[in-house]
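> Have a look at the structure that comes next, please.
The values are calculated or read from the model by the stated rules, or taken from the named source; none is laboratory data. Keep in mind that what you see is a predicted model, and the values were worked out from it rather than measured. A quick note on method: Cβ atoms are made from the backbone with ideal geometry, for glycine too, and the neighbour counts reach across all protein chains shown.
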Amino acid sequence: MIKKIISLISLLLAIVICTGCWDQRPIKDRMLINGLGFDINQDHKIELNASILNIIGKGTGAFDLENELITTEANSVVDAGIKVQTVLPGGIETAKTRLFLLGEDFAKEKFQFILDQFNRTPFTNVNVNVVITNKQKAKDILELETLNRPISFVINETVDRAKRISIIPNIDLQKIYTMVTEIGIDILLPVVDKTKDEHVGVLGAGLFHKGSYTGKFIEKSEAPILLMMMDQFNNTSLFVTRIQNKSSAEAPYNIISYELRRPSREFIVHASKNKIDVDIPIKAKIRIGESTNIQHISEKEIKSIIEKDLNKRAKIVIKEAQQANSDVLGVGRYIKEHNPKLWKSLDWDKKYPTIQVHPRFNIYISNTGILET
């Protein structure tokens, strides 16, 4: 009798604990949104562009895939999403969304508040890439046709590649929500555009000010330099330096190409009410990959040429960020944390464009190839 009671209790416990897949979301019953585009029209209504991957079950575990773009307009993202669901059969799934594509006009708004729903919904992929279009609507990009794959997959892979080679920082929706609430630092987001052959490429890193896109971006050839100063550089990136001295030949016989690896930087802020100076010493290793110069150049000369070039380009990048009033280096945050009394006395929007930033590169050539030393 006791054994029967124990068996019965064990069975009841098993029923309670092993509830089965009560919250399962069968993929065959879902319509996966692989990319979302956001635009804002002249009436300040939200245009939601949903790139939807429709999974059509064929039985015995087989299924077909169909991609389509649905556009709706409403006063909010949630309202626009409801309209999307009313024109499509099956449930809408955003947990696998790969891309949030923001039209330039939309990105210039305080979009983190407009997209607040995605920060609250439990089944949203908060690790999604957030990308800005260049002088066009997100819809214009999502309407591009590609072979065999949705355009959102192509853009997402292109952006991931740009992260690996240090054109843009490693940032996603979750990090955006974290950073935009911080005072004294601004964010960078990738900017994309259509190419002449109707592909999509990364143009560079878009500069933000207080959570809104400024409409200006750092070109992809210069963005890795900014990422080094931000301490957001990945492991490696490729650079090209033009030799410009009395003995150098004309193009194309004056080019040095090299791989820059594992930079380390210091961030030294000297702040007072009257003057703010920032020193950014950067050490890095490089490997020479190409030298089209007809005359042989010594390693010492190469080192000097590249350091001067990087210092010059870094100063130009800083100037562009200051003109956009985009404190991507986080100088304001540093002052706020280390000298709060001084921070309270500053009008940072007016002060930041006037501060002096001094980048200083010190490179070590680990491989010179056939260069004469």
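> Across segment 77-102, which residue is farthest from LYS194 (Cα to Cα) among those that are touching a strand residue (DSSP E or B) at 6+ places or on another chain (Cβ under 8 Å), in a loop (DSSP other than H, G, I, E, B) and at pLDDT 75 or above?
The extreme case among them is VAL87.
> Further question on the same structure: Is there a residue in segment 298-310 that is more than 27 Å from LYS108 (Cβ to Cβ), surrounded by fewer than 13 Cβ atoms within 10 Å (Cβ to Cβ) and over 28 Å from the mean Cα position of the chain (by Cα)?
Looking through segment 298-310, at least one residue is more than 27 Å from LYS108 (Cβ to Cβ), surrounded by fewer than 13 Cβ atoms within 10 Å (Cβ to Cβ) and over 28 Å from the mean Cα position of the chain (by Cα).
> A further question follows. Evaluate the following for SER366: is it touching a residue at least 24 places away in the same chain (Cβ under 8 Å), out of contact with any Asp or Glu (no Cβ under 9 Å at 6 or more places or on another chain) and surrounded by fewer than 17 Cβ atoms within 10 Å (Cβ to Cβ)?
Here the answer is yes, as SER366 does meet what is asked.
> Suppose the filter is in contact (Cβ under 8 Å) with a residue 60 or more places away in the chain, among the small types (Gly, Ala, Ser) and part of a strand (DSSP E or B); does GLY204 pass it?
Taking the combined requirement at face value, the residue does not satisfy it.
> Within segment 194-218, take every residue that is out of contact with any helix residue (DSSP H, G or I) (no Cβ under 9 Å at 6 or more places or on another chain) and surrounded by fewer than 16 Cβ atoms within 10 Å (Cβ to Cβ) and give me the one that is nearest to LYS350 (Cα to Cα).
THR195
> Turning to a different aspect of this structure: Can you find a residue that is closer than 18 Å to ASP186 by Cα and among the hydrophobic types (A, V, I, L, M, F, W, C) anywhere in segment 263-274?
yes
This table checks each residue for (1) of a type in the set (D, E, K, R); (2) in contact (Cβ under 8 Å) with a residue 40 or more places away in the chain; (3) part of a loop (DSSP other than H, G, I, E, B).
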position: ASN234; (1), (2), (3): no, yes, yes
position: LEU238; (1), (2), (3): no, yes, no
position: TYR258; (1), (2), (3): no, yes, no
position: ASP277; (1), (2), (3): yes, yes, no
position: PRO281; (1), (2), (3): no, yes, no
position: ASN293; (1), (2), (3): no, yes, yes
position: LEU310; (1), (2), (3): no, yes, no
position: LYS319; (1), (2), (3): yes, no, no
